[in-house]
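Participant: The structure is given below, and queries will be raised subsequently.
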Amino acid sequence: MILEALNYAATWPLTPAPFRPHIASSVSLAARANRCREAWAEHEANSKAHILSTINGMRQRRTAVVLGSGLLRDVPIVDLSRAFDTVVLVDLVHLASVRTWLATRRLKNTRLIHRDLSGLDAALAGRAPEPFAFLRQVPYLDLVVSANLLSQITVGARQRLQREGQHDRADTIVPALVRAHLEGLSALPCTTALITDVSYSVMDRQGRELERDDLLAGIPLPDHSARWDWTVVPFAEGRGEYQAVHQVIAG
């Protein structure tokens, strides 16, 4: 708890005011990732391997952008830093612990951007979400990676709509956000990679399925070349009574 508090306090002044409400959840995620490091290791390795396989055949390696860079546990950031002139990391929050990690490894060609990539504000205002419009301003863009971000957008959007008393709009807005993300990524004039969990199931120790849900709001799965399971909540984290396993695709 002390380390979490210190991370929170150190991140606060480094984060623009509109994004500070998200610091607590980022700190909690970092703590959870440490607790679940064994259960998450294979997923993180698979994610890194897919990104590396994507860049293997690339001739031009000027600017790479990672959307949803988060804790960098599922991003081969050292390899990306060596391979590209500039690596831009985009997320709501960049924890002080992540910044320190980057600094100690002297990854001086990394740039951090705070940004809401959901498109939810536009959708609520009745506009078509264009979450990747800002990428038009990034020069020499050769690679964009959506790193385990899309399902966070859908879950976060539903939670916000519930808080704001607009849960009745979720069935319209959330699929629109998924489509905007997938279509926006495919329309980019550069190499792209998508890694996302698409569904999950909750099971007890007897193997009985307690819950199952789709994380893409009914939108058909995009083309993908790999698929694996990710135990997001192992039994030890689920009070020993259940585990949650997410199905992940990469393309």
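Participant: Give me Rg/Rg_expected for segment 132-230, where Rg uses Cα atoms only and Rg_expected = 2.2 N^0.38 Å with N residues. Kindly include the intermediate steps, with their values, before the conclusion.
Facilitator: Values: Rg = 15.9 Å, N = 99, 2.2 N^0.38 = 12.6 Å.
The value comes to 1.26.
Participant: Ordering Met203, Met58 by how much accessible area each has at a 1.4 Å probe, largest first, what is the list?
Facilitator: Order by accessible area, largest first: Met203, Met58.
Participant: Here's something else I'd like to know. Please compute the length gained on full extension between Leu221 and Val78, using 0.36 nm multiplied by the number of residues separating them and subtracting their Cα-Cα distance.
Facilitator: Details: separation 143, 0.36 × 143 = 51.48 nm, distance 3.01 nm.
Going from the current span to full extension adds 48.5 nm.
Participant: Now for a separate question. Can you sort Lys108, Lys48 by solvent-accessible area, 1.4 Å probe, largest first?
Facilitator: So, going from the largest accessible area down, we get Lys108, Lys48.
Participant: Tell me the carbon and sulfur percent of the accessible area for the chain, rounded to whole percent, probe radius 1.4 Å.
Facilitator: 51
Participant: For the chain, report the accessible area per residue in Å² (1.4 Å probe, heavy atoms, rounded to an integer). The partial results should precede the final answer.
Facilitator: Working: 13020 Å² over 251 residues.
Value for the chain: 52 Å² per residue.
Participant: Turning to a different aspect of this structure: Any chance you could look up the accessible area of Ser26 with a 1.4 Å probe, heavy atoms only, rounded to 10 Å²?
Facilitator: 30
Participant: Whole-Å semi-axes of segment 72-208's equivalent ellipsoid, largest first, each the root of 5 times a Cα gyration tensor eigenvalue?
Facilitator: Working: eigenvalues 163, 87, 45 Å².
Rounded to whole Å, the semi-axes are 29, 21, 15.
Participant: Related question: Rounded to whole Hz and in sequence order, give me ³J(HN,Hα) for segment 28-35 from the Karplus expression 6.51 cos²θ - 1.76 cosθ + 1.60, θ = phi - 60°, writing x for Gly and Pro.
Facilitator: 5, 4, 4, 5, 5, 4, 5, 5
Participant: If ligands, DNA and RNA are left out, what is the accessible area of His114 with a 1.4 Å probe, given in Å² to the nearest 10?
Facilitator: 40
Participant: Report the Cα centroid-to-centroid distance between segment 73-129 and segment 195-223 in angstrom, as an integer.
Facilitator: Taking the Cα centre of segment 195-223 as reference, the centre of segment 73-129 is 27 Å away.
Participant: Out of all Cα-Cα pairs in the chain, roughly what percent, to the nearest whole number, are more than 26 Å apart?
Facilitator: Values: 12889 of 31375 pairs.
In whole percent, the long-distance tail amounts to 41.
Participant: Given a Förster distance of 51 angstrom, what is the FRET efficiency for Leu210 paired with Gln60, based on the Cβ-Cβ distance and rounded to 0.05?
Facilitator: Using R0 = 51 Å, I get an efficiency of 0.60.
Participant: Whole number please: convex hull volume per residue of the Cα set in segment 1-104, in Å³?
Facilitator: Here the figure is 104 Å³ per residue.
Participant: At a Förster distance of 30 Å, what's the computed FRET efficiency of Glu237 paired with Leu14, Cβ-Cβ distance as r, to 0.05? Mind dumping the intermediate values first?
Facilitator: Details: r = 29 Å, r/R0 = 0.96.
So the FRET efficiency works out to roughly 0.55.
Participant: Which sequence of Glu211, Glu237, Glu130 reflects their accessible areas, 1.4 Å probe, from the largest down?
Facilitator: Numbers: Glu211 85, Glu237 55, Glu130 115 Å².
So, going from the largest accessible area down, we get Glu130, Glu211, Glu237.
Participant: When the label point is put 7 Å from the Cα of Ile113 along its Cα-to-beta-carbon vector, which residues of segment 65-80 have a backbone N closer than 16 Å?
Facilitator: Of the residues in segment 65-80, 65-70 have backbone N under 16 Å from the label point off Ile113.
The values are calculated or read from the model by the stated rules, or taken from the named source; none is laboratory data. Here the structure is a predicted model, which means the values were calculated and not measured. Heads up, the Cβs are rebuilt from the backbone with ideal geometry, glycines too, and the neighbour counts pull from every protein chain shown. All accessible areas refer to the heavy atoms of the entire protein, side chains included, with ligands and DNA or RNA removed. Shrake-Rupley method; radii C 1.70, N 1.55, O 1.52, S 1.80 Å.
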